[in-house]
1. Ordered by packing density, taken as the mean number of other Cβ atoms within 10 Å over each peptide's residues, highest first, how do 23-33, 62-72 rank?
2. Could you check the simple spin-label distance between residue 27 and residue 76, using points 7 Å along Cα→Cβ, in nm with one decimal?
Amino acid sequence: MASRGDQPTQGAPSGAQAPPGPGAPPRDPTALAQAISALLANPERGRRLAAAAAERMHGYTIDAVAERFADLYERLLSEAAPKPDSPVAAQT
């Protein structure tokens, strides 16, 4: 519940955003209590949010996360590799 719907979700798949559900800023117990109360007052909304969260979980399987890390490592390695015409490449 710490994320807001207009902010990217840290560590989420590319382009993912926090759900448009109730949110509370970190270290704000009053806002958290209000968000929980709002969900308790509207169980259907809670069910919809739970279903949406379960659907998003597919992006967090071990295979999906491992693939994103492998892509990231490959991209970083290719960016860090000396270019053929660079002075570093000429020294090797």
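1. So the peptides 23-33, 62-72, ranked by packing, come out 23-33, 62-72.
2. 2.9 nm
Computed from the coordinates by the stated procedures, all read-outs in this text should not be read as laboratory data. Since this is a predicted model, take the numbers as computed values, not measurements. Cβ atoms come from the backbone with ideal geometry, glycine included; neighbour counts cover every protein chain shown.
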